[in-house]
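The values are calculated or read from the model by the stated rules, or taken from the named source; none is laboratory data. Since we're looking at a predicted model, the values are computed, not measured. Glycine gets a Cβ as well: all are built from the backbone with ideal geometry, and neighbour counts include every protein chain shown. For the accessible areas, the whole protein counts, side chains as well, though only heavy atoms, and no ligand, DNA or RNA atoms are used. Shrake-Rupley method; radii C 1.70, N 1.55, O 1.52, S 1.80 Å.
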Amino acid sequence: MESPYEYHRPVMLDEVLADLDVKPNGIYLDGTAGGGGHSHAIASKLTDGGRLFAMDQDPDAIAQASKRLYGLPATLIHANFTTLGEVLRERNLQAEGILLDLGVSSHELDDASRGFSYHQDAPLDMRMSQSGRTAADLVNTLSAEELAHILFTYGEEKYARGIAAQIVAAREQKPIETTLELAELIKQGVPAKVRREKNPCKKTFQAIRIAVNDELNCLTIALEEAFASLKPGGRLVILTFHSLEDRIVKQTFAGWCTGCTCPPEFPVCVCGKKPKGELVHRKPIVASQEELELNSRSHSAKLRAIIKK
């Protein structure tokens, strides 16, 4: 029998549900349905007229989630989570809770044909939506300066210039078409000592994936849309998997929780600014040791949640 988590094991499921505080009659939205793990757990609690809207830009994820959510009070929507506000507005709804589980899914990593993994050879793709420009388009057309900027900014790769130089030199001979071709060029672009210590491909593959899918810009848009789409008392719950995502979420939440910004020497507030939200927990929650043993992909996860005032 196929495991319900064969496609993608949901990270910190119990903690996510606790932060969402699911009400049986509430309206909820999962902006990253993936294999439907979180979505299934949320929808299963909606026993008194509640409804879940489960979104994903990946058609494979929508197909899988439709199986997991069959018979439950859930509506599936094939779209990027930047449009979540529109999904709710066109139905005249505000949400009790919204979940965004960021990053790449287990299925996208495990399916070699998707081109996300540097462990298996496949066309250099990396598109979550399976449409638009591919990773191959990016590495074969951008200048060395543009590539180095992407690798340093999105991958925090200190050998970005060396890797970019290898990519540009190699594509003058032939286009770079597969994941293992790119992986080999990355290895050539870092010092031998780094190659001996560990596989040096992770940061570059992450950076290119983020650029291909415009992930950080989409996250910034989605956060604003999500918070605006909550009812007062509603909760926005975010799972991040690397420092760039987490920094955006942390800073955005902090801004919403900030009240008066008058200089401290003012005797009374004149700005009139009130906090828009309240953190559910001051520090992010991380995976338990038990979960880390079950699901290695939870090791970098951070869970943050905010309540709209």
Using a 1.4 angstrom probe on heavy atoms only, work out the carbon and sulfur share of the accessible area of the chain in %. 51
Counting pairs of alpha carbon atoms under 8 Å apart in space and at least six apart in sequence, what relative contact order in percent does the stretch 102-220 give? 29
Between Lys273 and Thr178, what's the calculated FRET efficiency when r is the beta-carbon distance and R0 is 51 Å? Round to 0.05. 0.45
Which one is right for this structure if Rg and Dmax of the Cα atoms in Å is calculated from it: (i) 21.0, 69; (ii) 22.9, 68; (iii) 17.5, 54? (i)
Neighbourhood charge, 13 Å Cβ-Cβ cut-off, centred on Val16 and excluding it, Lys, Arg +1 and Asp, Glu -1: -2
Over the heavy atoms of Phe152, what accessible area does a 1.4 Å probe trace out, to the nearest 10 Å²? 130
How big is D for the stretch 31-168, in µm² s⁻¹ as a whole number, if Stokes-Einstein is applied with the Kirkwood radius of its Cα pairs at 25 °C and 0.890 mPa s? 144
Taking only DSSP H segments of four or more residues, each worth -39500 (n - 2.57), what value at 222 nm results for the chain once the sum is divided by all its residues, to the nearest 500 deg cm²/dmol? -12000 deg cm²/dmol
In the structure shown, do any of Lys45/Lys67; Lys203/Lys250; Lys231/Lys274; Lys158/Lys308; Lys250/Lys273; Lys231/Lys283 have a Cα-Cα gap over 28 Å, and if so which? Lys158/Lys308
Per-residue accessible area for Ser131 at 1.4 Å probe radius, Å² rounded to 10? 70
Quick note, the stretch 125-185: a/c under 1.5 would make it rounded; otherwise a/b > b/c is prolate and the rest oblate (a ≥ b ≥ c, C-alpha gyration tensor); here it is oblate
Report the accessible area of Lys274, computed with a 1.4 Å probe over the heavy atoms of all protein chains in place, in Å² rounded to the nearest 10. 150
With eigenvalues of the C-alpha gyration tensor scaled by 5 and rooted, the stretch 217-309, Å: 30, 14, 12
Sort Arg133, Arg114 by accessible area with a 1.4 Å probe, largest first. Arg133, Arg114
Treat each spin label as a single point 7 Å out from the Cα along the C-beta direction, and report the Thr261 to Tyr70 distance in nm. 5.1
Solvent-accessible heavy-atom area per residue, rounded to whole Å², over the chain at 1.4 Å: 48
Percent relative contact order for the stretch 1-98, counting Cα pairs under 8 Å at least six residues apart, stands at 30
DSSP-defined antiparallel bridges as percent of all bridges, the chain, nearest 5: 40
Over the chain, with a Gaussian network built from C-alpha contacts below 10 Å, which listed residue (Ala226, Ala148, Ala18) shows the highest mean-square fluctuation? Ala18
In what order, largest first, do Thr204, Thr258 sit by accessible area if the probe radius is 1.4 Å? Thr258, Thr204
With a 1.4 Å probe and all protein chains in place, put Phe205, Phe241, Phe266 in order of accessible area, largest first. Phe266, Phe241, Phe205
Starting from the Cα-Cα distance between Ala18 and Ala112, subtract it from 0.36 nm times their residue separation and give me the gain in nm to one decimal. 30.4 nm
With N residues in the stretch 50-124, what two-decimal value do you get for its Cα radius of gyration over 2.2 N^0.38 Å? 1.31
Mean separation of Cα pairs under 8 Å and 6+ residues apart, divided by the residue count of the chain: what relative contact order is that in percent? 17
